[in-house]
Amino acid sequence: MKQITGKSRRKRRSQPQILQLLKEFNQGDLNIREFCELKKISRATFHKWKSRYKRNARIKARQPGFSRVQIIESPGYADKGLFAEVNGIRLYQIVAASYLKELCS
C-alpha cells in the first residue's frame with residue numbers, strides 16, 4: 001500500500017509581515033512569479049494580498065484629516081497678496097477653516 005504523506009501546515013502571516021512582503025516586492029526587480037517562488041507564496045495568495053491592502057489603502061486615504069497648507073512669505077508673492085497655497089490652489093486672502101476643509105476634500 002502506498003502511504004499518503006500529509007500536507008505541510010499552511011503558514012499564516014500577520015498583517016505587518018504581509019505589508020513587508022508587498023513593500024519588498026514593490027522595491028525589488030523581480031516579477032510576481034519569481035518573487036512568489038522565492039518567498040514560497042502562491043501567486044493567488046499574493047494577488048489577494050495585493051488587492052486587499054491596495055483597497056485598504058484607498059479607504060484609509062479617504063478618511064478625513066488635515067491637509068498641509070503652505071504659508072508663503074516670499075517677496076515675489078507678497079506684492080500679489082498671496083496668502084497660502086493648497087494642493088496647487090492659491091489663496092489671496094484669509095479664508096475660514098470650513099472653506100479649506102471643503103477645498104481639500
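Only the coordinates and a few stated rules stand behind these numbers; no lab work does. Since we're looking at a predicted model, the values are computed, not measured. Reconstructed Cβ throughout: ideal geometry from the backbone, glycine too, with neighbour counts over all protein chains shown.
Points worth noting:
- Checking the Cα-Cα distances for Lys11/Lys50; Lys48/Lys101; Lys50/Lys101 against a 23 Å cut-off, the pairs over it are Lys48/Lys101; Lys50/Lys101.
- Computed from label points 7 Å out along Cα-Cβ, the spacing between Gln27 and Val86 is 3.5 nm.
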